[in-house]
1. Along Cα→Cβ, 7 Å out, is where each label goes; now give me the distance between the ones at residue 73 and residue 19 in nm to one decimal.
2. With Kirkwood radius over Cα pairs in Å in mind, check (i) 14.5; (ii) 17.5; (iii) 14.9 and report the label derived from this structure.
3. Please give the contour-minus-distance gain from residue 131 to residue 50: 0.36 nm per residue of separation, less the Cα-Cα distance, rounded to one decimal in nm.
4. Taking the Cβ of residue 57 as the centre, find all other residues whose Cβ is under 12 Å away and add up their charges (Lys, Arg: +1; Asp, Glu: -1).
5. By how many nm would the segment from residue 122 to residue 28 lengthen if fully extended, with 0.36 nm per residue of separation less the alpha-carbon distance?
6. If packing is taken as the average count of other Cβ atoms within 10 Å, what order do 122-133, 14-25 fall into, highest mean first?
7. Search the structure for amide H atoms under 5 Å from the amide H of residue 93, placed 1.01 Å from N in the peptide plane, and list their residues when 5 or more places away or on another chain.
Amino acid sequence: MLKDGTYAAWFKTPLGQGTGIVHVAHGKLWGRDGVMTYDGTCEVDENRFTATVTTKRHTEGLPTVFGDDQELEVKLEGTCAGRVATYVATTEQFPGVILEGILLFSEQQQPRAAQASEPIPKFSPAKLPKLPKRSR
C-alpha cells in the first residue's frame, strides 16, 4: 500500500530521466525536482494507486522529461509492494509518450534523545577533523 510519507522519485521517458522528492499525505501529493514542482491527488486501493498531478516549471532553461512545456497534467497508475512503488504515467499534452517511475519510501530517522543521566560532552576544537595542507 502507498503509505503517507516522503518518497525519493526516479522517472524516465524516451526523452530523458530525472529524480525528485514526493510527499504523500491524506490523498494529496506534492513535491519537486530540479525543473518542476508537482501538486495533485491520489487514490489508494490496497496495493494499487492512481494519481492526477499538475506540474509547473520553477527553473527556466532546462528541458523536462516530456519536452519544454510550462505546465502539464499527468495521470499515474501504479502498484506498491512494501517500500517500493512503480508507476506509468501519461499526459494529453504529449500523446504516446509514456513516463515510467519508481517511488522509494523514505523512513525518517528519529534523532536519539540524550538521557538525563548522560553527561553532556564538552566541546573540544582539537577533535575536529583537520583540513589537508595546500601546496602553493
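1. Those two pseudo-labels are separated by 3.2 nm.
2. (ii)
3. Between residue 131 and residue 50, full extension yields an extra 24.1 nm.
4. With Lys, Arg at +1 and Asp, Glu at -1, the net is -3.
5. Once the chain is fully extended between residue 122 and residue 28, it gains 29.3 nm.
6. Averaged packing, sorted descending, gives the order 14-25, 122-133.
7. 73
Values quoted throughout were computed directly from the atomic coordinates according to the rules given, and no laboratory measurement underlies them. Every value quoted in this text rests on a predicted model; they were computed, and no experiment measured them. Don't worry about glycine lacking a Cβ; one is built from the backbone with ideal geometry, like all the others, and counts go over all protein chains shown.
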